[in-house]
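The values are calculated or read from the model by the stated rules, or taken from the named source; none is laboratory data. Because the structure is predicted, anything quoted here is derived from the model rather than measured. No Cβ is skipped: glycine too gets one built from the backbone with ideal geometry, and neighbour counts run over all protein chains shown. Heavy atoms of the whole protein, side chains included, go into the accessibility calculation; ligands, DNA and RNA do not. Shrake-Rupley method; radii C 1.70, N 1.55, O 1.52, S 1.80 Å.
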Amino acid sequence: MISAKFLFPSKFVAILCFFGVVSATGPSSALAQQGRRGGPQAQEATPEAKPAGADAKPAEAKITATPGMPMAEPPLPPDAHAEQTIQMDGKALHYTATVGTLAVRDSKGALSGEVVYTAYTMEGKDRPVTFAFNGGPGAASVYLNLGAIGPKRVAFGAEGQSPSDPATLTDNPGTWLDFTDIVFIDPIGTGFSRSLVPMDEAKKQFYGPDQDIAYLSMCVYDWLVKNQRLQSRKYIVGESYGGYRGPRLTAYLQSQIGVAMNGLVLVSPALAPQSGSPDLSPVPWMLTLPSIVAASYERQGKLTNENMAAVIDYTRGQYAQDLLAGNSDPAATPRLVAKVTELTGLDPKFVKESGGRLETQAFLREEFRETGKLGSRYDPNVTAYDPFPYNPTQETNDPILLSIVAPTTTAMVDFVTRTVGWKTDARYNALSGEVAGAWDRSSRNGAFSGGASATDLRVAVATDPKLRVVIAHGWADLSCPFMGSVLTVSQIPIMGDPTRIQVHEYPGGHMYYARLASSLALRKDVMDMVSKH
């Protein structure tokens, strides 16, 4: 997400997102995915899964202690595999799905955590490999896996969907698997990944912007060594806070581990500039206005690249000038109020009372107030009923966040335990309130208080003249607005080929890939990048 400057109701936690920054302002039982991890449990794999993972030890094996792990926590299962097939463009795509673990060790070599990953690999010469991360902090990689780029998908994140709809996996026409192997990594505390040390030590080793990059970089390296893939072309994709991670992982692997990435894909990344105080700086309002307009344009059937180019020009030009002018120009505020009203179609009184500065949560309530609904900051055109419509502030969590945990958790746990045959009764954390609450936000390198990711992006691109970057946003995303990346990239000097860093926008919000046309457009743009290596 763009900045911790965004305001949220004090009675709930907003995890921005499985994807981006977290504003944790209160407890939320719906998001606190805590609970005791269990051990392997005997189950029959489905016949269609065709488990191929003879790494398996007997499910009833005696529970033994693992260094640093309490006796009550049985070991996680050994790696498991399943041969699978999907239909893509009328052809069968055969691949192997693997669920496995990577050991995480502290500076003294003691086992301190276990990272669980899901990998999809195909036979073929010179196939690239892509490492995928979601955000939060506190989000598992299930959203990119079963929503965006994995071979299977489950429906979530779109208007009209229900958390109680069947969590059925279907073939994903937007998958990247035909042109790259994919490894989805769940950071410690998310998915089935777990810390094996007390919380105070876990915070030092895992739950902060710098330590997070260090151990996840080692996980990438360890997977490459374990699978003899160091010579493969290598890519990273990160969504939201995973988009913050992406440039930092690339730079760290490049300079500290000794493994260079060929390309980087940032999906709805938290890559905004420091926006400053909304009372003084125009930047916070410049970040969100274009996405608010995009949501309105989409409802009117007017969302085109040409129309949005005019909105961007206005935002960087007259809008910014009028905000900066303030009362030094008596015509400035009335002028911007009139223009913002025209662009958004909002009630003129609401726009006037806000001075043309549209606070996100206020807008999301105002836009749908007559229907008794709330818009989502992840996509304002995805709505849900407001259970507290007469309160002066929003008293419930985001409509999308409330609805996605059930389908993604159900689908992923069933896939891992039944289809692949990785037998465990451990708790699966699609969104972990515990990780969000434990995260260190004091570091100057954090997504909330520094530009480390944008800086590392510059350095990585400067260091490797062949590195290519695709930054991909949904037009209407208000959690990580596309304008943040537009402003950030515009300040990066051109280093060689000016197309090495590209910003693309698609219809939709934070999870624009929930829309098939946008998913296919992302796939095309990434394929184009990969083809250049």
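Details
- Selection from Ser232, Leu516, Asn391, by position along the positive dipole direction of the chain (Cβ): Ser232
- Taking amide H as placed 1.01 Å from N in the peptide plane, the amide H of Ala384 sits under 5 Å from that of Leu374, each at least 5 places away or on another chain.
- Ranking by accessible area, most exposed first, for Arg194, Arg369 with a 1.4 Å probe: Arg369, Arg194
- Overall, region 152-268 carries a charge dipole of about 360 debye about its Cα centre when +1 sits on the Cβ of Lys and Arg and -1 on the Cβ of Asp and Glu, all other atoms neutral.
- Region 256-263 - phi-based ³J(HN,Hα) in whole Hz, Karplus 6.51/-1.76/1.60, Gly and Pro as x: 9, 9, x, 10, 9, 8, 8, x
- Whole-Å distance, taken between Cα centres, linking region 192-234 and region 401-422: 23
- Measuring with a 1.4 angstrom probe and ignoring ligands and nucleic acids, Asp347 comes out at about 80 Å² accessible.
- For the chain, the Kirkwood estimate of the hydrodynamic radius, built from every pair of different alpha carbons, is 23.5 Å.
- Accessible surface, per residue, of the chain when the full set of protein chains is kept, probe 1.4 Å, Å²: 39
- For region 132-152 and region 303-328, distance of Cα centres in Å: 34
- Coupling constants for region 90-104 follow from the phi torsions by the Karplus curve (6.51 cos²θ - 1.76 cosθ + 1.60, θ = phi - 60°), and in residue order they are x, 10, 7, 10, 9, 8, 10, 9, 10, 10, x, 10, 10, 6, 10 Hz; glycine and proline get x.
- Converting phi to 3J(HN,Hα) with the Karplus coefficients 6.51, -1.76 and 1.60 and the offset θ = phi - 60°, region 136-147 yields x, x, x, 10, 6, 7, 4, 6, 5, 5, 9, x Hz in sequence order, with x at every glycine or proline.
- Long hydrophobic helices in the chain, taken as whole DSSP H segments with a C-alpha length of 15 Å or more on their own axis and mean Kyte-Doolittle hydropathy at least 0.0: 209-226, 283-300, 332-344, 399-414, 452-463, 516-531.
- FRET efficiency estimate (nearest 0.05) - Cβ-Cβ, Ser162 to Phe388, R0 22 angstrom: 0.60
- Less than 5 angstrom separates the built amide H of Asp379 from those of Leu478, His510, all sequence-distant by 5 or more or on a different chain.
- Tail weight of P(r) past 21 Å, computed on alpha-carbon pairs of region 398-531, percent: 61
- Dividing the mean sequence gap of close Cα pairs (under 8 Å, 6+ apart) by how many residues the chain holds gives a relative contact order of 22 percent.
- Surface listing: Arg377, Arg299, Arg444, Arg515 arranged by accessible area from highest to lowest gives Arg444, Arg299, Arg515, Arg377, probe 1.4 Å.
- Cross-link pairs exceeding 30 Å between alpha carbons, from the set Lys91/Lys234; Lys204/Lys524; Lys302/Lys466; Lys226/Lys423; Lys204/Lys532; Lys91/Lys532: Lys204/Lys524; Lys302/Lys466; Lys204/Lys532.
- A Förster radius of 30 Å combined with the Cβ-Cβ distance from Ala309 to Lys352 puts the calculated FRET efficiency at roughly 0.65.
- Long-range HN-HN contacts of Ser112 with modeled amide H, under 5 Å: Val104, Arg105, Asp106
- Taking all protein chains together and rolling a 1.4 Å probe, Thr360 ends up with roughly 0 Å² accessible.
- Per-residue SASA remark: Glu306, around 130 Å² accessible (1.4 Å probe; ligands, DNA and RNA not included).
- For region 206-284, the equivalent ellipsoid derived from the Cα gyration tensor has semi-axes of 30, 13, 10 Å, listed largest first.
- Residue-averaged 222 nm ellipticity for the chain, from DSSP H runs of 4+ at -39500 (n - 2.57), nearest 500: -9000 deg cm²/dmol
- Here the contact order of region 419-533, divided by its residue count and restricted to Cα pairs under 8 Å and six or more residues apart, works out to 23 percent.
- For Leu169, Leu93, the ranking by accessible surface with the largest value first comes to Leu169, Leu93, using a 1.4 Å probe.
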